[in-house]
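What follows is a set of notes on a single structure, which appears directly below.
The values are calculated or read from the model by the stated rules, or taken from the named source; none is laboratory data. All values reported here derive from a predicted model rather than from experimental measurement. No Cβ is skipped: glycine too gets one built from the backbone with ideal geometry, and neighbour counts run over all protein chains shown. Note: accessible area is taken over every heavy atom of the protein model, side chains too, but ligands, DNA and RNA are not part of it. Shrake-Rupley method; radii C 1.70, N 1.55, O 1.52, S 1.80 Å.
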Amino acid sequence: MSNFTTDGKICIERELEVSKSEIEFDNLEQRYSVTEICNWLKEHNFSKVCLQFPDELIGVSAAIYQEIKKNINVDLYILGDTSYASCCVDSVAAMHVQSDAVIHFGHSCFTKTNIPVFTVLPKRNLSTDAIESVLQDHFKSDDTKLCLFYDAEYEHCKDNIKTMWFRQYPQALMGHLQLNDSPNRFLGRLVKNETGVEYPMESLRDCICIYIGSKGQTVFNFSVSVPALKWFLLDPEDKKLEHLEETIWFKRRRFLIEKCKDANVIGILVCKLAGEQTKQIVKRMKQICKANGKKSYIVSVGKPNVAKLANFPEIDIYVMIACPENDLYNNRDFYRPIIYPFELEVALNSNREQYYNYHVTDYDDLLPGKRHHLEIDHIKQATDVSLVTGKIRENKIHSNEEGGMEVAEKQNWALENIGQNLQERSWKGLEQKLGETDVKNVEEGRKGIPLQYSNEPE
């Protein structure tokens, strides 16, 4: 066995080298907006506040805590590990201590919350002269169909970016960071011209969009959600302009939509902190499944991984309710495919256009009153052909006028089938078996790790 595995002691006794953090402890007040935080707390008279940090800032959390305490007398609590993504405000953890507000540090997805939030964005230096030089090499000054976006870590130098951009392209547009909710707000951005007139995202269809920042989930969400003429990424580190194309990604998503049509059992995977929008989208996903005669289950397992979801082999496909910044949608390691709520709608809502050149990564846009909302209606065709298996696919519900007895029989059969699968499992979870277990003295258990316990032969 030693030829194939390592000694268990190595895993337990190994010493980890902690690399020096890039975050310096000097000038905390300016780097993390301590003065602005204290002024905000005094203005709103908050007495109990949570400080939420991502993993990379845990090392300076105590120092920031002390800096705030020097300036204002409030009860502070540090939130280190969130249940889901650290870009989301952990309002649930804040409710455990009955907090009045949350100070959120680090990258943010700018989703709505039910608690007052002060956002402290990361800060990175930017040379606007170098950016201007790259833009001049690729775009003419009289181009009007241009729109510039920048990453949130450059928000502290937004005035310099705005001056540089409109000086070179006075007729162009620019995406500004917008923390408060607004009708034209999209993924935390609001598009304006030089005079401050707002434009909806739909007005960018004929524009060339440039994003200043590094490659990641944020610029990816923009490139697939905003149907612009072209998308370019301008990375300040290498000072190069990269054309973004997601053709292969769109092909895979269309394949997963077909898989969703084939599915009989759909898991609604909740990976988002509780909120009114989360409840609404879960309810909507259940309605779409029910309208098409498909069985749905709500699954909440915290941060999902392969082992957790492998406990539900009866589920054919998952629709994940998560933050738009979550990259698990594109993870292929899971035993079952994971799709966006928008893709479930394309697959099962006949009111939704089947062929599209954009994507909706933020499920909030699918809710009533939002830009991509459509009424729910089941698939009209009685039968069609699966593009994945090539077999005839019969829809569970043909029309609202079909006999209720036939529909009920099909749904009962699906429920019995799921129940039978659960009965045939060899392991069904922890069972109390009250009164069925003999009382015994306490015995010493096994030691070590599952790789090799200390009382097992080598």
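Quick look at the numbers
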| item | result |
| --- | --- |
| Protection-proxy order for peptides 40-49, 345-354, each taking the mean of Cβ atoms within 10 Å per residue, highest first | 345-354, 40-49 |
| Per-bin percent of Cα-Cα distances, the range 259-340 [5 Å] | 3, 15, 29, 27, 19, 8, 0 |
| Additional length obtainable on full extension of the chain from Asn27 to Asp438, 0.36 nm per residue less Cα span | 141.6 nm |
| Packing rank of 115-122, 438-445, 58-65, where each peptide gets the mean count of other beta carbons within 10 Å, highest leading | 115-122, 58-65, 438-445 |
| Spatial separation of Cα centroids for the range 254-297 and the range 129-181, in angstrom | 39 Å |
| Cβ-derived FRET efficiency at R0 22 Å, Asn357 paired with Ser386, nearest 0.05 | 0.40 |
| Rounded accessible area per residue of the range 174-270, 1.4 Å, Å² | 43 Å² |
| Under 5 Å, built H, 5+ apart or other chain: amide partners of Ser214 | none |
| Using θ = phi - 60° and Karplus 6.51 cos²θ - 1.76 cosθ + 1.60, couplings along the range 114-123 (whole Hz; Gly, Pro as x) | 9, 9, x, 9, 10, 9, 10, 7, x, 10 |
| Measure of compaction for the range 156-235 (Cα Rg per 2.2 N^0.38 Å) | 1.05 |
| Computed over the range 50-137, the ratio Rg/Rh where both radii use C-alpha atoms and Rh is Kirkwood | 1.11 |
| Residue-span extension gain [Lys286 to Trp249] - 0.36 nm each, minus C-alpha spacing | 10.7 nm |
| Extension reserve of the Val92-Thr195 stretch, reckoned as 0.36 nm per residue once the Cα distance is removed | 33.1 nm |
| Cleavage-rule hits, GluC sites (Glu not before Pro), the range 229-310, DSSP coil, Cβ neighbours within 10 Å at most 15 | Glu237, Glu245, Glu246 |
